[in-house]
1. Does L109 meet the test of being within 30 Å of Y312 (Cα to Cα), surrounded by 14 or more Cβ atoms within 10 Å (Cβ to Cβ) and modelled with pLDDT of 90 or more?
2. Would you confirm whether or not the range 270-286 contains a residue that is among the acidic types (D, E), surrounded by fewer than 18 Cβ atoms within 10 Å (Cβ to Cβ), under 52 Å from the mean Cα position of the chain (by Cα) and part of a helix (DSSP H, G or I)?
3. Of all the helices (runs of 4 or more DSSP H) wholly in the range 318-406, which have at least 1 residues that are at pLDDT 70 or above and under 28 Å from A78 (Cβ atoms)?
4. Condition test on L178, is it in contact with a helix residue (DSSP H, G or I) (Cβ under 6 Å, 6 or more places away or on another chain), in contact (Cβ under 8 Å) with a residue 40 or more places away in the chain and buried (at least 23 other Cβ atoms within 10 Å of the Cβ)?
5. Out of the residues in the range 120-155 that are assigned to a helix (DSSP H, G or I) and open to solvent by 40 Å² or more (accessible area, probe 1.4 Å), state the one that is farthest from R279 (Cα to Cα).
6. For the structure I just gave you, tell me whether Q293 is touching a helix residue (DSSP H, G or I) at 6+ places or on another chain (Cβ under 9 Å) and under 29 Å from A174 (Cβ atoms).
7. Can you tell me which of S259, S245 is open to solvent by 20 Å² or more (accessible area, probe 1.4 Å) and small (G, A, S)?
8. Starting from the range 295-308, take each residue that is buried (at least 17 other Cβ atoms within 10 Å of the Cβ) and list its partners that are modelled with pLDDT under 80, counting only C-beta distances under 7 angstrom and pairs at least six apart or across chains.
Amino acid sequence: MMERELFDGFALGAPEQIYISLMLVLTFVVLILFASGQSLKKLVHPNNQSVLVLGYSKTQKNLLNILRLGALLFLAMAVLRPKWGYELQDVKKKGVDIVVAVDVSQSMLARDLAPDRLEAARRKILDFLTLLKGDRVALVAFAGAAYPQCPLTEDYQAFRNFLELLDTELIPVAGTSLADAIEVSRDVLGQSSVNSRAIIFFTDGEEHDPEGVELAREVGKTGIKIFTIGVGSVEGVPVPQARNSTYNLRDSSGNLVVSRLNENALQEIAEVSGGIYQRISVDNRDLESIYLQEIRLKLEEQEFMSTQKKIYQERYLWLALPAFLMLCFELFASFLFSQKIVRLSRHGVLCLALLLCPGNYWSESLGSEREVLNLGQKYAQNKNSEMAYNLGHALYRNQDFLQARQMWEQGLRLNPAKVLEEKLLYSLGNASFYQGDFLSALGYWQKLLEINPEHAEGKSNLELLMKLLQKKQDDNQDKQNKESEDQKDQQDQGDQKDQSDQKDQSGQQDQKNQSDQQDQGDQKDQSDQKDQSDQKGEKDQKEQNGDQQEKQEQSESKSEEKSQEQSQKEKSSDSDGSSQKAQAQKMSEQEAQRFLNRLPKENLEQMKRFIRFKLRQKEKEREEAGKPARDLGGKAW
């Protein structure tokens, strides 16, 4: 995310989020047009609009719209993260001083690389600038002579401007003098530290002088490493007379001048100074081999002071707070105007959601995805431990811990340097910890301390992890002890319950025997009463037969009474039989009390009412049968 200063004292921290501000304003306009209620009123009869459609007066609508518009404008400006008020700070940076020497002789117009060698070298240098990490670069152009074009600088844009000016007509002296280029480059690096200097040549190496090798050896002894990139093909192609010319150069004999890449000379110059040679490639493997694996890992970084930098203060909260207050007042005013509970409007939800989100959330999420894609493409082109670490770090920042672990594990298998191996092991431990794989994290950090016992962060992380694992083990042990104690308590309770059940069963058996004896006595009494009633009936029948002629009407009435009496006796006998059956199933007082105690509270009252009803029904049947009522003693159960 690039900070852009609009004028002295004011800057925008996220100017690329201007589209979000425009989207907020357009959303407000669209919602105002469609939320006016006119479309809803068309669906409701005019007589029912006052009841079904929530409406405001014109003044109230204007006030609410002003509040909403003001909140959105403040919020749209807050999203851009305005900054004002700054302080100057001296920013110290570390890096390497690099001189880029470009061959601008006429042989660089050869078209064995598209569109020609010079343009291919220019594009390769632009790609090289994207790899730099705070290093200073300088530009030297050479042909038969060499001249500095750009001094050492951190302003890569200024370097690009000088690079665009390179042309084969820039230096009138013909030929390719590598010795002059080395001498001028050494002068440009004269004020730099001893072990933090490098020269990169982009040339075809043709027509070089033999002094270049000796001078390269002397320069290498002073700590300056020379890296050469061959531009062209070994087979060779004709050299055009000019950049856009269709005619080729010819010698004095009329033969075509053919330019070929002199790899042997370039490789010798690089080796005697301690550098390496690479042929120019379509991808960035040549640059990554030179910069990432040689310059960044083998050269020492020097600390140099850059110019003072303005550090602006974030002020977006000063705009977000009024937006929030205006939205709250808009909701309160809507409630007062309608005298109803008003739900949060759609644009209110949108504004609050964007207000609560961080100002740089959108651009950072998009930037992280782009970074992962770019690093993934570079890693696919050149698989090395440095690229694997960078790609894994981007995935780690994107909270993709699984993919980050896989990339860092691949980086370990690519034989990294010791410093890089420590970074990979430390990062693998962190990713494993966040995934919950504590044992893997423990292994990675232990291996890190085996390599570097003085690694402070790895040592502190390992101590914290050991404490965490010990605490987890203690918690598991306490949990197991508690479970064993609970099982033992449950077993003791089960034994006590079995003993009480056995006692209850023995008591129930005794009570059942007593109830059976009582039922047998009741049945005997009932049978005696029945025999007496039968004998009385026979005697009455004999008396009626003797007076049959004299009292015919009385006999008829008595026969009716007799039939009624017999029906009553049958009914009473049936009721007695049912009562005997019920008595056979009757529970003892202790059993009934336990049964009632086990019932839930809501079912207990229902059971009491049912028992009262059944007892009243039985007493009514006894009264109809002519039996005396029983004394319940005030207890219906």
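1. no
2. The answer is yes; a qualifying residue exists.
3. By residue number, 361-381, 385-397.
4. It is true that L178 is in contact with a helix residue (DSSP H, G or I) (Cβ under 6 Å, 6 or more places away or on another chain), in contact (Cβ under 8 Å) with a residue 40 or more places away in the chain and buried (at least 23 other Cβ atoms within 10 Å of the Cβ).
5. In this case the residue turns out to be T130.
6. No, not satisfied.
7. Only one candidate passes the filter, namely S245.
8. Partner pairs satisfying both residue conditions: L299/N195; Q302/S192; Q302/S193; F304/K93.
The values are calculated or read from the model by the stated rules, or taken from the named source; none is laboratory data. It should be emphasised that the depicted structure is a prediction, and the values quoted were computed from it without experimental measurement. With ideal geometry, Cβ positions are generated from the backbone for all residues, glycine too; neighbour counts draw on all protein chains shown. Heads up: the accessible areas ignore ligands, DNA and RNA and are worked out on the full protein's heavy atoms, side chains in. Shrake-Rupley method; radii C 1.70, N 1.55, O 1.52, S 1.80 Å.
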